[in-house]
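Right, one structure below, let's go through it.
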Amino acid sequence: MRIAIIGSGALGSLFGGLLARSGQQVWLYNCSLVEHVDAIRARGLTLQVEGARQTISVPAVSDVREIRGAIDLLGIFVKAYDTEQAIQDALPLVGSGSWVLSLQNGVGQEEILARYLPKGQILRGVTAQGATLVEAGIIHWAGRGPTRLGYLSPMGSSTHQKIGEIVEVFNQAGIETYYEPEIHHWVWEKLLINAAINPLTTLFDIRNGILMEDPALRAITEDVVRETLPVVAAHGVLLSTEEALQRVEGICQATAQNLSSMLQDRHRSKRTEIEYINGAIAREGQRLGVPTPLNRFLTQLVRKTLPGG
């Protein structure tokens, strides 16, 4: 399968590297992390996991025009706010038989992609895989968990067969992956989890596990979950408060030593995705008539106190 990863930072490089290692024809593309791209071109992509290192040979480019011809799967891994520019740059790679998969945090990217592509070619996904960019050309596989894929529009049996092929390719690469008919529910459930973890770890500059260890931070985390539940329930996430809190606690424990993606952005002085996470919840709460003052407050704090917001 011909696969192009658009936005080959930590997570994009992890997926692209694993897929290349399994024998797929993969290109990594990133126009901003030029040093990272250059290191991969010179020495390969180095994957750190459980104290071991492995170098994977995979083409990396900072100019999308270096990828020739239509591809089978275009993976969108850029930050949510870069989605429109990314799909504009990558459109020459998309043919009538291509699939475009967003595995991004937050919500709203589907609408941006649908401005440029038929909905029948767009896949949406969520992943519990974790990765950290250690230095140029080196990523750390920071946590493992399931990846779930689904489509924006109901399609025929041939579409189901194609999604099945993609799921199989991911699993063969060591990426635990499932097809989910109701993928939007999973997108909003992950949004709930990200809203509870990302802004607090970022504002206090702490690893995920500290949220459950510090009583005051744990209480705030639980308040975010309670406030967010009515919003995500409107999108099919029908969890009790206890179930939702267990989900968040489980993620914090499983990724206790990880830095959230938003905190990694802070450390690199990059713009955060707060507007697509807590900001999205606040806007949707306003549309639904559901009060979300804590989500709004956290959005404003991150926006005002961090470089680039």
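The values are calculated or read from the model by the stated rules, or taken from the named source; none is laboratory data. Just so it is clear, the structure is predicted and the values come from calculations on it, not from any experiment. FYI the Cβ positions are ideal-geometry reconstructions off the backbone, even for glycines, and counts take in every protein chain you see.
So the values come out like this:
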| item | result |
| --- | --- |
| Val224 over 28 Å from Glu180 (Cβ atoms), surrounded by 21 or more Cβ atoms within 10 Å (Cβ to Cβ) and touching a Pro at 6+ places or on another chain (Cβ under 9 Å) | no |
| Count - residues of the stretch 84-129 that are part of a strand (DSSP E or B) and basic (Lys, Arg) | 1 |
| Residue in the stretch 192-212 that is over 14 Å from Asn258 (Cβ atoms) and among the charged types (D, E, K, R) present | no |
| Test result for Ser153, out of contact with any Gly (no Cβ under 7 Å at 6 or more places or on another chain), modelled with pLDDT under 95 and not β-branched (Val, Ile, Thr) | no |
| Some residue of the stretch 131-142 being buried (at least 23 other Cβ atoms within 10 Å of the Cβ), among the polar types (S, T, N, Q), in the same structural domain as Ala42 (by TED's automatic domain parsing) and closer than 22 Å to Cys31 by Cα | no |
| Failed condition for Ala216, given (1) of a type outside the set (D, E, K, R); (2) surrounded by 22 or more Cβ atoms within 10 Å (Cβ to Cβ); (3) free of Cβ contacts under 8 Å to residues at least 12 places away in the same chain | (2) |
| The stretch 284-301: number of residues that are touching a Ser or Thr at 6+ places or on another chain (Cβ under 9 Å) and either part of a helix (DSSP H, G or I) or on the phi > 0 side of the Ramachandran plot (or both) | 5 |
| Candidate set: the stretch 266-295, residues that are touching a residue at least 12 places away in the same chain (Cβ under 8 Å) and over 27 Å from Gln129 (Cβ atoms); chosen: the one surrounded by the most Cβ atoms within 10 Å (Cβ to Cβ) | Ala282 |
| The listed residue being at pLDDT 95 or above and either outside the structural domain of Glu35 (by TED's automatic domain parsing) or crowded, with 18+ Cβ neighbours inside 10 Å (or both), out of Leu306, Leu238, Leu263, Leu298 | Leu298 |
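Okay, residues lined up against (1) among the polar types (S, T, N, Q); (2) within 21 Å of the chain's Cα centre (by Cα):
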{"position": "Thr202", "(1), (2)": "yes, yes"}
{"position": "Val232", "(1), (2)": "no, yes"}
{"position": "Arg287", "(1), (2)": "no, no"}
{"position": "Thr292", "(1), (2)": "yes, no"}
